[in-house]
Amino acid sequence: MAGLVPLPPFCDQACRERMKGAFMAENWVRVAAAQDLAEGQVIGVRVGERDIALYHLAGGEYRATDNVCTHEYAQLSEGWLEGHVIECPLHAGQFDVRTGKALCAPVEKDVETFEVRVTGADLEIKLPG
Ligand code: FES
């Protein structure tokens, strides 16, 4: 069957569980305490080599995007959050933080987004595998 990788003949039940776990693993990373991000605010956090902008939208929703503008180098967390739109502090380009969509010139390229979840008192983002 196309798309399936055959298991090696020596793979027992424990081996199958490990392989399943490896393919199903999700890369959730704690990035902040929820109390550190007030509603209507944006903060920048560092996750390994990544610069992430975390948003707490009015109504309680959390979002995350890459923190670096796709136009030139500026940190979106230094910009202005209005509803679900972040305005870049350097040339006023705007992105929809829910989708990453570039909304107006000079930005033309969308910004990467990440899933966010609240786990207890913490905010976690899901990094690509
Ligand atoms: S650096 Fe963000 S709009 Fe130019």
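Values in this text are rule-based calculations from the coordinates and carry no lab data. For clarity, every value in this text was computed on a predicted model and none was experimentally measured. Glycine also receives a Cβ, built like all others from the backbone with ideal geometry; neighbour counts cover every protein chain displayed.
Things worth noting here:
- Computed from the alpha carbon atoms alone, the convex hull of region 39-129 holds 91 Å³ per residue.
- Alpha-carbon gyration tensor eigenvalues x 5, square-rooted, for region 88-129, Å: 26, 12, 8
- Estimated inter-spin distance, residue 99 and residue 28, nm [label 7 Å along Cα→Cβ]: 2.7
- Applying 0.36 nm per residue to the separation of residue 12 and residue 115 and subtracting their alpha-carbon distance, the gain on full extension is 33.6 nm.
- Averaging the Cα positions of each part gives two centres, and for region 80-97 and region 36-65 these lie 13 Å apart.
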